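Input: a single structure, listed below in C-alpha cells.
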Amino acid sequence: MQGSPIDSSGPLGPTDTIVRRTAPASLVGAGATATVPIEIVALSLVSSQPITVTYAGGPSEQWLVRACLSGSVAQPAGSIAITNGTCVNEGGTFTSRLPVQPRFIFRRLGDGAERVLDTGALGPAAGSLHDAGRPLGEHRRPRIAAHHGAAGG
C-alpha cells in the first residue's frame, strides 16, 4: 500500500494520513518525555500494484485495493510518547501506537466490479500503525500490523 492524497487540490496537498493529538504535550528540558493520546482522523491508501486473487478450481483475477477509515465504528484511541533530545536544538524522537479500523475497497481490473470490506463491522481493531524511535519531523511510512481479535478479547 502507498499513500494517495486525501485532497490534492486542497490545502493539505499530498497528505494521505491525518493523526490528531487529543491533549497537549508538555516537554520541559533535555530528555523530557510526554505521552499523550492520539487518534486517526483520515486515511487514504492505495495498492502499489494489483493483488492476484485465485479461486479454487477457477481462474485468477487482478484487483486494485484502496483503504480508508471504517464508517461503521469510531476509531480507537492510540498514544504517542514524545522525547526531547539530550541537547538544545537536537530535536527528539517519538514512539507511537495507533489502532485503526480500515475500510477496504477492492476493484476488479477486468470489469471494474467493486467489493467492500469494512473491518469496523467485524469487531475489535483490525490493525495498528506503530513506530519506535523515529526522529521528530521524519516522514517515513509507519509499519502496519494487521490482525483480527475476537470480540471482547
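The values are calculated or read from the model by the stated rules, or taken from the named source; none is laboratory data. The structure displayed is predicted, hence computed values, not measured ones. Neighbour counts run over all protein chains shown; Cβ positions are idealised from the backbone, glycine included.
Taking the criterion of being among the β-branched types (Val, Ile, Thr) and more than 24 Å from Ile82 (Cα to Cα), the only residue of the stretch 1-36 that qualifies is Ile6. Among residues of the stretch 5-35 being in a loop (DSSP other than H, G, I, E, B) and among the hydroxyl-bearing types (Ser, Thr, Tyr), the one that is modelled with the lowest pLDDT is Ser8. Would you call Gly123 at pLDDT 90 or above, out of contact with any Ser or Thr (no Cβ under 7 Å at 6 or more places or on another chain) and of a type in the set (Gly, Ala, Ser)? When the stated conditions are applied, Gly123 does not pass them. Answer with yes or no whether Ser72 is within 11 Å of Thr119 (Cβ to Cβ) and either within 16 Å of the chain's Cα centre (by Cα) or surrounded by fewer than 19 Cβ atoms within 10 Å (Cβ to Cβ) (or both). Taking the combined requirement at face value, the residue satisfies it.
Per-residue answers, yes or no, for (1) under 21 Å from the mean Cα position of the chain (by Cα); (2) closer than 24 Å to Gly123 by Cβ; (3) charged (D, E, K, R):
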site	(1), (2), (3)
Pro11	yes, no, no
Ser26	no, no, no
Thr33	no, no, no
Ala42	yes, yes, no
Gly57	no, no, no
Ser60	no, no, no
Arg66	yes, yes, yes
Ile80	yes, no, no
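Scanning the stretch 40-52 for residues that are in contact (Cβ under 8 Å) with a residue 40 or more places away in the chain and either among the polar types (S, T, N, Q) or within 19 Å of Gln75 (Cβ to Cβ) (or both) yields a total of 6.
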